[in-house]
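Let me begin by presenting the structure, written as structure tokens, before commenting on it.
The values are calculated or read from the model by the stated rules, or taken from the named source; none is laboratory data. Given the structure is predicted, the values throughout are model-derived calculations rather than measurements. Neighbour counts are summed over all protein chains in view; Cβ atoms, including those assigned to glycine, are modelled from backbone coordinates with ideal geometry.
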């Protein structure tokens, strides 16, 4: 789905700070929950938006950021498709403070557009993009970011673009042409011998100490030729794949949705390559067995959102390609969770919906490339309201405490009343003091502890090669 990634790599930190602490629980699935609201604590954002801090960047942030207790997890792509996953401190101690940690080359070998998912103990994310072959699922220790295991997933058109979902000791993720995988996360094997996570964490920590000790010894012998250790030199632990479905038949770029014992998998058909299957599949979470399959008219790039017994799937005739939005068409479809039977479908003739819908209070909110924010009744598909923005929309909406938040391809954030669509405020990243960085928003706004977090992406279009930014907005 994503085919371009260029421009410089470095992340230049400059913060305007306003300290606070978030009480968010871990985000174990894409956009925080099956409703895809990008909010867990039920707190709305600020009544009047004010910049708390901004991190200028030359990387491109395709994925949604993920807030943790003290950091914001952000993936990015820089020059030559060099990738990074960073923990940006939510409460910076001083201006120009460094990021908490960063994973990049040589540990990460492929571009990364996957939003991480996390528990209290683990951070898990995938890598790879459309133009790369094969991908790796990564697992880090949440408190130290120490790599624990990696799962290589080989094959042409295989990439782990969508966010994983953690349920218990399993993680579910789409793999492009690899279909969908269910992986056991609580154990991993080294040279055929299996270890539990606490043992594995200790082994990796010991290995890191050995590498550092050798480096210090080499510096004493010949400092000019001493090479610092790399996390790529850690033990190669591999988790067990519990099941894999759709390999070579489906093309799963969207985040999977797990509800109870069901896994909802949105598969696309690639017109150029003539591969894949355009449908939504419901699988048994334990076995991967198909419970039902519903064909779709348009590709479901954003995946499924679920509210009670209703599944909402959005579609678009184009992917995340700025140059193609003028020809885009879209739709929104409601299905019965138990059977996959269609309840209703609404067409959008002049706008594609490349992101997921967000569901709250009986309303499904969508954003489209025609620059329209639309709200539908989940029960019957009635259009509740429609609001035009001043630019096309790729990013999914967020909803918190009756307020909808969207970000457009001009770098403007807007807040709307969920029931009426009335505009509450706008915040322009391109003109706001302390930011002054127009940028396209792909990954969407996330809302936690009354704050908004967003990151921009200037891969193409009128802002190509312009600096990007990671921003926190709240009330001072």
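Within region 404-417, being crowded, with 24+ Cβ neighbours inside 10 Å and touching a helix residue (DSSP H, G or I) at 6+ places or on another chain (Cβ under 9 Å) holds for 409, 411. Restricting attention to region 308-340, the residues that are part of a loop (DSSP other than H, G, I, E, B) and in contact (Cβ under 8 Å) with a residue 40 or more places away in the chain add up to 8. Would you pick out the residues in region 109-150 that are at positive phi and surrounded by fewer than 22 Cβ atoms within 10 Å (Cβ to Cβ)? If the condition is that a residue be at positive phi and surrounded by fewer than 22 Cβ atoms within 10 Å (Cβ to Cβ), then 134, 145 are the ones that fit. Only residues that are over 27 Å from residue 169 (Cα atoms) and surrounded by fewer than 23 Cβ atoms within 10 Å (Cβ to Cβ) were counted across region 297-311, and they come to 1. With the structure loaded, tell me whether residue 387 is in a strand (DSSP E or B) and either within 22 Å of the chain's Cα centre (by Cα) or under 22 Å from residue 115 (Cβ atoms) (or both) or whether it fails that test. Against the criterion (in a strand (DSSP E or B) and either within 22 Å of the chain's Cα centre (by Cα) or under 22 Å from residue 115 (Cβ atoms) (or both)), residue 387 does not qualify. Within the option set 106, 98, being surrounded by fewer than 23 Cβ atoms within 10 Å (Cβ to Cβ), over 16 Å from the mean Cα position of the chain (by Cα) and at pLDDT 90 or above holds for one residue only, 106. Just checking, how many residues over region 133-163 are more than 23 Å from residue 106 (Cβ to Cβ) and under 14 Å from the mean Cα position of the chain (by Cα)? Final tally of qualifying residues: 2. More than 20 Å from the chain's Cα centre (by Cα), without any contact (Cβ under 8 Å) to a residue 40 or more places away in the chain, under 17 Å from residue 342 (Cβ atoms) and in a strand (DSSP E or B) - does that describe any residue in region 292-307? Yes: region 292-307 contains one or more residues that are more than 20 Å from the chain's Cα centre (by Cα), without any contact (Cβ under 8 Å) to a residue 40 or more places away in the chain, under 17 Å from residue 342 (Cβ atoms) and in a strand (DSSP E or B).
Going by what's in this entry, would residue 243 be described as in a loop (DSSP other than H, G, I, E, B), in contact with a strand residue (DSSP E or B) (Cβ under 8 Å, 6 or more places away or on another chain) and surrounded by 17 or more Cβ atoms within 10 Å (Cβ to Cβ)? Answer is no for this residue. Note on region 23-56: residues that are at pLDDT below 50 and closer than 21 Å to residue 395 by Cβ total 1. If the condition is being more than 14 Å from residue 59 (Cβ to Cβ) and surrounded by 22 or more Cβ atoms within 10 Å (Cβ to Cβ), then region 452-470 contributes 452, 453, 454. Hey, does region 186-194 have a residue that's closer than 24 Å to residue 77 by Cβ and either at pLDDT below 95 or in a strand (DSSP E or B) (or both)? So far as region 186-194 goes, no, none of its residues is closer than 24 Å to residue 77 by Cβ and either at pLDDT below 95 or in a strand (DSSP E or B) (or both). Evaluate the following for residue 226: is it over 18 Å from the mean Cα position of the chain (by Cα), closer than 30 Å to residue 276 by Cα and part of a loop (DSSP other than H, G, I, E, B)? No.
Flag set for residue 439, criterion: surrounded by 22 or more Cβ atoms within 10 Å (Cβ to Cβ), under 27 Å from residue 70 (Cβ atoms) and touching a helix residue (DSSP H, G or I) at 6+ places or on another chain (Cβ under 9 Å). Residues in region 114-133 include at least one that is part of a strand (DSSP E or B) and closer than 22 Å to residue 273 by Cβ.
Every residue, every condition in (1) surrounded by fewer than 24 Cβ atoms within 10 Å (Cβ to Cβ); (2) free of Cβ contacts under 8 Å to residues at least 24 places away in the same chain; (3) within 21 Å of residue 65 (Cα to Cα); (4) in contact with a strand residue (DSSP E or B) (Cβ under 9 Å, 6 or more places away or on another chain), yes or no:
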| residue | (1), (2), (3), (4) |
| --- | --- |
| 349 | yes, yes, no, yes |
| 367 | no, no, yes, yes |
| 385 | yes, no, no, yes |
| 389 | yes, no, no, yes |
| 402 | yes, no, no, yes |
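If you check 266, 177, 237 for being within 23 Å of residue 136 (Cα to Cα), surrounded by 20 or more Cβ atoms within 10 Å (Cβ to Cβ) and in contact with a helix residue (DSSP H, G or I) (Cβ under 6 Å, 6 or more places away or on another chain), only one passes: 237.
On inspection, residue 420 does not qualify as part of a loop (DSSP other than H, G, I, E, B), crowded, with 24+ Cβ neighbours inside 10 Å and more than 18 Å from the chain's Cα centre (by Cα). Just one of (1) touching a residue at least 40 places away in the same chain (Cβ under 8 Å); (2) outside any strand (DSSP E or B); (3) farther than 21 Å from residue 80 by Cα fails for residue 160. It is (3).
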